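Chemist: This is the structure I want to talk about, given as structure tokens.
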Amino acid sequence: MSNWWHHKALRSVALVLLCLALYLPGQASVPPFDRDESRFMQATKQMVESGDYIDIRFQDEARHKKPVGIYWLQSASVKLTGVVDQAWAYRIPSWLSATLVVVITSLIGARFFGPLAGLLAGAMLASCLLMGVEARMAKTDATLLATIVMAQYVLARLWQDKALSRGMAVVFWLAVGAGILIKGPLILLAVGATAIVLSVIQRNAGWLKPLQPLWGVPLMLVVVAPWLIAITLKTGGAFWQESVGQDLMSKAVSVQESHGGVPGYYLGTFFITFWPWAFLLVPAVIYAWQQRRNVLVQFLLAWIIPFWLLFEFFPTKLLHYTLPTFPAIALLFAGMLLDAGYTIANKLKLVALALGSFMLATVALAIPFAPSFAFPMPVDLSFLSIAAGLLLVAGAVVAFGMRARKPVVAISISTAVLVNFYAAFWGQQFPGMSQFWVSRSVAQVIAPYRAACPGPVVAIGYAEPSLVFYLGTDTVLTSTVPAPTSACRLLLIEQRQLQNIDPATALQVIRGFNYSKGHEVALYLLQQNPANVETPQQEP
């Protein structure tokens, strides 16, 4: 069994088991993230509740920024599990997609650099920080990545073999169609940029003919067109105006939702998003330059560079936007580590890069959690959690200090350490930071009062989407205190909206940290008693 990784099935099974160990902790215990994940989950919930699988809505608001694909997948997951009110049911498509991405990346690596490189690339990709985050979030990115990697796998086979079976061409166009249904034209950008750059290198686009676009494009349209036609008719064209005009084009020309950054943003944050393997970036860049005439390295560079540069100059920036390049980066790292002729990453340089990068990334990872230090930590720092943190540091020093020609041992030790660390962090530490999960705390506090006041909760001044998911679709989000009605009603009032209301009349006060806005929050729960409604006197 010393060479078990030469067997495709065993290699794939090993990576699937690794992904289960990395991605399952926290699926059920981590509350819904604000704001994107909660919006996706609530819109899917309403789709299941209403039975309308064409239109996409968050409460009464149309949600047409993204196509319907992810909502259909999440709806199927909810239907199959029979669970509507728990986050894990909506996250199943994401962690399954992330697992598929890892397996397909391994298949590309095995074709390009050998079976062991495929295994190492899959392990590094599976255990990097951003993949772990996206595998736990019920939104589009992990599923879109699966369609992109599937299309790139077909393109890689064509580039390497200069030939392609009809079945593989069908897979390519189905993947492109599915990607469009998930997140619009982004897959065309990712795969198209790779094909164009490779055609420029080849000085001929004829190598793409085996994709059979004459029947492949109509096949793609068969996947995409029915819903696009249905939503166009249902919304009178409003879907196109919002998704293309307001969402895609606005982000391309200006900063949206305060998510801006200067060119170089993604390079600077790479040491966080691809942690802990990002220290390999510098030797990999040198390796890629030395091997720039290698057709396999050319494919990876054509996958990475144009897409990465485009988003570096994109005004709106979010950490996950360059995720579609991560499989190619993992493949480049693995190819470099197993290239016996590459000596730039010698022992001393590798150790220096490893320790420096590891320390910078660890400090950077702590910055987002700095506000929580002002709160008493509600987490029980068990022996497992402490041991996981210590093992992570010790394992990184040991693994990264080994010679580059011992990558199997290095990656194995580090990955085993990461499994332990992620299990402790995602399964216990992070969900236990109650100050971050304000909506969950609100739902727990309100539950005993719902029997006496079963009507919709009115939230004044606090409008995070996760609150709607927890309290129900009929939750009222407003900025003013409503007038009393004939029914008992629970009010959740943000401290700055109290105005003339006496805080002492509150049933409970929920305090926490609103990470979406970056400040502390105090919510006062009050009960609004029924208004005195006089019954009209009947004439004798």
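The values are calculated or read from the model by the stated rules, or taken from the named source; none is laboratory data. Model, not experiment: these values are computed from the prediction. Using ideal geometry, Cβ is built from the backbone for each residue, glycine included, and neighbour counts are taken over all protein chains shown. These accessible areas exclude ligands, DNA and RNA; they are computed on the full protein's heavy atoms, side chains included. Shrake-Rupley method; radii C 1.70, N 1.55, O 1.52, S 1.80 Å.
Chemist: Between H7 and W215, what FRET efficiency comes out of the Förster formula 1/(1 + (r/R0)^6) with R0 = 25 Å and r the beta carbon distance, rounded to 0.05?
Modeler: On the way: r = 35 Å, r/R0 = 1.41.
The computed FRET efficiency comes out at 0.10.
Chemist: Counting only protein heavy atoms, what percent of the accessible surface of the range 110-190 is carbon or sulfur at a 1.4 Å probe? Please report the intermediate quantities before stating the final value.
Modeler: On the way: 1370 of 1940 Å².
Heavy-atom surface of the range 110-190 belonging to carbon and sulfur, 1.4 Å probe: 71 percent.
Chemist: Next question, about the same structure. What whole-number value in Å² describes the accessible area per residue of the range 424-540 for a 1.4 Å probe?
Modeler: Heavy-atom SASA per residue in the range 424-540 reads 51 Å².
Chemist: Rounded to the nearest 10 Å², what accessible area does S12 have for a 1.4 Å probe in the complete protein model?
Modeler: Accessible area, nearest 10 Å²: 30 Å².
Chemist: From Cα pairs below 8 angstrom and at least 6 apart in sequence, can you work out the relative contact order of the range 408-540, rounded to a whole percent? If you can, show how the numbers build up before the last one.
Modeler: Details: 179 pairs, mean separation 31.7, N = 133.
Relative contact order, the range 408-540: 24 percent.
Chemist: Report the calculated FRET efficiency for V509 and V84 (r = Cβ-Cβ distance, R0 = 22 Å), to the nearest 0.05. Mind showing how you got there, number by number?
Modeler: Details: r = 30 Å, r/R0 = 1.35.
After rounding, the FRET efficiency stands at 0.15.
Chemist: When N is the residue count of the range 43-125, what does its C-alpha Rg come to as a fraction of 2.2 N^0.38 Å? Could you put the intermediate results ahead of the total?
Modeler: On the way: Rg = 17.4 Å, N = 83, 2.2 N^0.38 = 11.8 Å.
Normalised Cα radius of gyration, the range 43-125: 1.47.
Chemist: Mind giving me the nanometre distance, one decimal, between the label points for I305 and E49, set 7 Å out from Cα along Cα→Cβ?
Modeler: With each label placed 7 Å out from Cα toward Cβ, I get 5.1 nm.
Chemist: Taking the Cβ of S199 as the centre, find all other residues whose Cβ is under 14 Å away and add up their charges (Lys, Arg: +1; Asp, Glu: -1).
Modeler: After counting each charged neighbour, the total is +3.
Chemist: Taking only protein heavy atoms and a 1.4 Å probe, what accessible area per residue, in Å², does the range 193-247 have with all protein chains in place?
Modeler: Working: 3160 Å² over 55 residues.
With all protein chains present, the range 193-247 gives 58 Å² per residue.
Chemist: With the crude spin-label approximation of a point 7 Å out along Cα→Cβ, what separation in nm comes out for A463 versus D60?
Modeler: 1.3 nm
Chemist: Then there's this: Set the Förster distance to 35 Å, then compute FRET efficiency between Q499 and A230 from the Cβ-Cβ distance, nearest 0.05.
Modeler: Details: r = 46 Å, r/R0 = 1.32.
With R0 = 35 Å, the Cβ-Cβ based efficiency is 0.15.
Chemist: Using the Cβ atoms and a cut-off under 14 Å, what net charge is assigned to the surroundings of F326, where Lys and Arg are +1 and Asp and Glu are -1?
Modeler: Values: positive: none; negative: E134, D141.
Neighbour charge sum, excluding F326 itself: -2.
Chemist: Given N residues in the range 1-149, what is its alpha carbon radius of gyration divided by 2.2 N^0.38 Å?
Modeler: Working: Rg = 17.0 Å, N = 149, 2.2 N^0.38 = 14.7 Å.
Relative to the rule-of-thumb radius for its length, the range 1-149 sits at 1.15.
Chemist: If you roll a 1.4 Å probe over the range 16-74 with all protein chains in place, what percent of the accessible area is carbon or sulfur? Don't skip to the end; give the middle numbers.
Modeler: Working: 1220 of 2100 Å².
Accessible surface attributable to carbon and sulfur in the range 16-74 totals 58 percent.
Chemist: Within the range 457-535, report the trypsin sites (Lys or Arg not before Pro) that DSSP leaves as loop and that have at most 14 other Cβ atoms within 10 Å.
Modeler: Working: sites: R489, R496, R511, K517; in loops: K517.
Here the sparse-neighbourhood loop sites are K517.
Chemist: Just list whichever of K65/K209; K139/K209; K66/K317; K317/K517 have alpha carbons separated by over 25 Å in the model shown. Show your work: numbers first, answer last.
Modeler: On the way: K65/K209 34 Å; K139/K209 34 Å; K66/K317 17 Å; K317/K517 17 Å.
Result: K65/K209; K139/K209 exceed 25 Å.
Chemist: When the solvent-accessible surface of protein heavy atoms is calculated with a 1.4 angstrom probe, in what order do D141, D85, D339 fall, highest first?
Modeler: On the way: D141 15, D85 100, D339 45 Å².
Putting D141, D85, D339 in descending order of accessible area: D85, D339, D141.
Chemist: How far apart, in nm, are two points set 7 Å out from the Cα along the Cα-to-Cβ line at V285 and at Q241?
Modeler: Using points 7 Å along Cα→Cβ, the separation is 4.6 nm.
Chemist: Given a 1.4 Å probe and heavy atoms of the protein chains only, how would you sort W308, W303, W72, largest accessible area at the top? Don't skip to the answer; put the middle values down first.
Modeler: Numbers: W308 35, W303 5, W72 95 Å².
From most accessible down to least: W72, W308, W303.
Chemist: Taking all protein chains as present, what is the carbon and sulfur share of the accessible area of the range 408-534, in % to the nearest whole number, probe 1.4 Å? Don't jump to the answer; show the numbers that get you there.
Modeler: Details: 3050 of 5650 Å².
Exposed carbon and sulfur together represent 54 percent of the surface.
Chemist: Per residue, how many Å² of accessible area does the range 1-135 show with a 1.4 Å probe? Display every interim value, and only then the final one.
Modeler: On the way: 4810 Å² over 135 residues.
I get 36 Å² per residue for the range 1-135.
Chemist: Per the Kirkwood definition applied to all pairs of different Cα atoms, how many angstroms is the hydrodynamic radius of the range 1-78? Let's see the in-between values first.
Modeler: Values: mean 1/r = 0.0658 Å⁻¹.
Its Kirkwood hydrodynamic radius stands at 15.2 Å.
Chemist: Work through the residues other than Y90 whose Cβ is under 13 Å from its Cβ and net out their charges, Lys, Arg +1 and Asp, Glu -1. Numbers along the way, then the final one.
Modeler: Working: positive: R39, K45, K79, R91, R136, K139; negative: D36, E37, D85.
Summing Lys and Arg as +1 and Asp and Glu as -1 gives +3.
Chemist: For D161 and R450, calculate 0.36 nm times their separation in residues minus their Cα-Cα distance, and state this gained length in nm to one decimal. All intermediate terms of the calculation are to be shown ahead of the outcome.
Modeler: Numbers: separation 289, 0.36 × 289 = 104.04 nm, distance 6.45 nm.
Going from the current span to full extension adds 97.6 nm.
Chemist: Counting other Cβ atoms within 10 Å, keep those with at most 16, restrict to DSSP loop, and tell me which trypsin sites (Lys or Arg not before Pro) in the range 1-56 are left.
Modeler: Working: sites: K8, R11, R35, R39, K45; in loops: R35.
Those satisfying the criteria are R35.
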